[in-house]
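Enquirer: Below is a structure I'd like to ask you about.
The values are calculated or read from the model by the stated rules, or taken from the named source; none is laboratory data. Since the model is a prediction, treat every value here as computed from it, not as a measurement. Every residue, glycine among them, receives a Cβ derived from its backbone with ideal geometry; neighbour counts consider all protein chains shown.
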Amino acid sequence: MAAPDPYRELRDRLIDAELLFPTGVEGLYGRSQTYQEIVAAIDRMVHRWGTELKATAVYLPPVLARSTFNSTNYLQSFPDLMGSVHVFRGNDRDHAELVRRVETDGDWPALLEPGEVVLSSAACHALYPMCSGRLPLGGRRYEVSGFCFRHEPSPDPARMQAFNMHEVVYVGDHDVAQRHRDEGLVHGLGLLGDLGLDVTPVPANDPFFGRLGSALAAGQIEEELKLEGVTPICSEDKPTAIISGNCHRDHFGLPFGIETDAGEVAHSACVAFGVDRITVALLVRHGLDPAEWPGPVRAGLFR
Ligand code: ATP
Ligand code: ZN
């Protein structure tokens, strides 16, 4: 008999409880009302923090301008995770061929062309072109949220292809950006701790692609550019990142022409809450029925 797989087991439990609905594609789910109420409560929690920081809230669509994507360097680092939107721009004859192909199981996507948008890989990417030019004195804070896509099909219900991310972002001076990440992550860990989650900060790296990728990942760890808060969801040995704090330095300031009030290239930093992962972590930690969760957790979250 095959060894039990804790990832599939949890996914099946969430589906049996009708918290998530399967779509036939790994990592792609419909969400129940109960699940969605937890998502909304986490979003409100992050929004309360954003309001304290006087952050401007921006709610984003799940797609990103292709021109923005081209400047983020995402394709160079994570070609395996991205997704592109393709559209039909043909005439009547092309349409007839498209229909013929779809009805004969032919290669109809070959008749499509790249659209103006790609799928969004991280909520904060859409923000940077909005910041081009001179920033006000002290920089700016934003709170950005929306659906993201990453092509990483998995039976792990905490590793979705389409998932919600809610970030608190600073754009401006380099020392303030560093502090935003450091203090912001500590604050975020505190918020998650208040929900009864046992979250540990660890140095982390992004999953850079290919041979050059391992060198980039090692550099990122060495310079502590990325920290994650991890909590056990399916495994005590391999806890899952439910929040991350990222120092981008001038990675976005440079290509998007963002300047501090003093005319220097702006730095940026973000604290990113993995809203779906936090939802799944809460369901694992406190049980599949939020009505039965401990009073203080309910009172803290559902306000
Ligand atoms: P991982 O190393 O687990 O793949 P990541 O380092 O790529 O995650 P980030 O780019 O820092 O993740 O994304 C911010 C947050 O979004 C993560 O901390 C995580 O909580 C969440 N997240 C990332 N990928 C997924 C996914 N496939 N499904 C659900 N949530 C995700
Ligand atoms: Zn970000």
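Enquirer: What are the residues in segment 236-254 that are under 21 Å from the mean Cα position of the chain (by Cα), more than 16 Å from ligand 2 (Cβ to nearest atom) and not basic (Lys, Arg), if any?
Expert: Within segment 236-254, Pro239, Thr240 meet the criteria.
Enquirer: Let me ask something additional. If Gly193 passes every condition in (1) out of contact with any Leu (no Cβ under 9 Å at 6 or more places or on another chain); (2) within 14 Å of ligand 1 (Cβ to nearest atom) but one, which one does it miss?
Expert: Going through (1) out of contact with any Leu (no Cβ under 9 Å at 6 or more places or on another chain); (2) within 14 Å of ligand 1 (Cβ to nearest atom) one by one, Gly193 breaks only (2).
Enquirer: Looking at Leu111, Leu81, which one is over 23 Å from His187 (Cβ atoms), touching a His at 6+ places or on another chain (Cβ under 7 Å) and away from ligand 2 (no atom under 13 Å from the Cβ)?
Expert: Numbers: Leu111 fails: touching a His at 6+ places or on another chain (Cβ under 7 Å).
Exactly one residue qualifies, and that residue is Leu81.
Enquirer: Which residue pairs have Cβ atoms closer than 7 Å, lie 6 or more positions apart in sequence or on different chains, and pair a first residue in segment 87-106 that is closer than 27 Å to Arg66 by Cα with a second residue that is part of a loop (DSSP other than H, G, I, E, B)?
Expert: Going by the 7 Å Cβ cut-off, the qualifying pairs are Val87/Leu112; Phe88/Leu112; Leu98/Phe88; Leu98/Gly90.
Enquirer: Got a sec? Which of Glu152, Glu167 is modelled with pLDDT of 95 or more, part of a loop (DSSP other than H, G, I, E, B) and either among the aromatic types (Phe, Trp, Tyr) or surrounded by 14 or more Cβ atoms within 10 Å (Cβ to Cβ) (or both)? Steps first, please.
Expert: Values: Glu167 fails: part of a loop (DSSP other than H, G, I, E, B).
Among Glu152, Glu167, only Glu152 is modelled with pLDDT of 95 or more, part of a loop (DSSP other than H, G, I, E, B) and either among the aromatic types (Phe, Trp, Tyr) or surrounded by 14 or more Cβ atoms within 10 Å (Cβ to Cβ) (or both).
Enquirer: Same structure again: If a residue must be aromatic (Phe, Trp, Tyr) and touching a residue at least 24 places away in the same chain (Cβ under 8 Å), how many such residues does segment 7-24 contain? Outline the logic, then answer.
Expert: First, pick out the residues of segment 7-24 that are aromatic (Phe, Trp, Tyr): 7, 21.
In the following step, the residues that additionally are touching a residue at least 24 places away in the same chain (Cβ under 8 Å) were identified as 7.
Residues meeting the conditions: 1.
Enquirer: Kindly provide the set of residues from segment 109-128 that are in a helix (DSSP H, G or I) and closer than 18 Å to Ala177 by Cβ, ordered by number. Walk me through how you get there before you give the answer.
Expert: The first filter runs over segment 109-128 and keeps only residues in a helix (DSSP H, G or I), leaving 109-111, 123-128.
Within segment 109-128, Ala123, Cys124, His125, Leu127, Tyr128 meet the criteria.
Enquirer: Go through (1) more than 16 Å from ligand 2 (Cβ to nearest atom); (2) without any contact (Cβ under 8 Å) to a residue 24 or more places away in the chain; (3) not small (Gly, Ala, Ser) and name the single condition Gln220 misses.
Expert: (1)
Enquirer: Looking at the structure I just gave you, is Ala177 under 23 Å from Ala126 (Cβ atoms), touching a strand residue (DSSP E or B) at 6+ places or on another chain (Cβ under 9 Å), away from ligand 1 (no atom under 15 Å from the Cβ) and among the aliphatic types (A, V, I, L, M)? Give the steps one after another, and end with the answer.
Expert: Numbers: under 23 Å from Ala126 (Cβ atoms): yes; touching a strand residue (DSSP E or B) at 6+ places or on another chain (Cβ under 9 Å): yes; away from ligand 1 (no atom under 15 Å from the Cβ): yes; among the aliphatic types (A, V, I, L, M): yes.
Criteria met by Ala177.
Enquirer: Then there's this: Pairs under 8 Å by beta carbon, first residue in a loop (DSSP other than H, G, I, E, B) in segment 183-209, partner within 16 Å of ligand 2 (Cβ to nearest atom) and small (Gly, Ala, Ser), six or more apart or different chains?
Expert: Val199/Gly229; Ala204/Ala241; Ala204/Ser244; Asp206/Ser77; Phe208/Ser77; Phe209/Ser77
Enquirer: If the requirement is being more than 12 Å from ligand 1 (Cβ to nearest atom) and touching a helix residue (DSSP H, G or I) at 6+ places or on another chain (Cβ under 6 Å), which of these qualifies: Pro155, Pro136? Break it down into steps so the answer makes sense when it comes.
Expert: Numbers: Pro136 fails: touching a helix residue (DSSP H, G or I) at 6+ places or on another chain (Cβ under 6 Å).
Residue meeting the stated conditions: Pro155.
Enquirer: Can you tell me which residues in segment 113-145 are more than 16 Å from His248 (Cβ to Cβ) and crowded, with 21+ Cβ neighbours inside 10 Å?
Expert: Of segment 113-145, the ones more than 16 Å from His248 (Cβ to Cβ) are 113-120, 133-134, 136-138, 143, 145.
Correct list: Val118, Ser120, Glu143, Ser145.
Enquirer: Right, something else. Restricting to segment 243-279, name every residue that is within 12 Å of ligand 1 (Cβ to nearest atom) and within 20 Å of Ser67 (Cα to Cα).
Expert: Within segment 243-279, just His248 meets the criteria.
Enquirer: Quick test of your reading of the structure: Ser67 fulfils all but one of (1) of a type in the set (Gly, Ala, Ser); (2) closer than 30 Å to Thr260 by Cα; (3) crowded, with 21+ Cβ neighbours inside 10 Å. Name the failing condition by number.
Expert: (3)
Enquirer: Are there any strands (runs of 3 or more DSSP E) wholly within segment 7-75 with 3 or more residues that are more than 17 Å from Cys148 (Cα to Cα), and if so which? Don't jump to the end; show me each part of the working.
Expert: Values: elements: 20-22, 29-31, 56-59, 63-65.
Filter on segment 7-75 gives 20-22.
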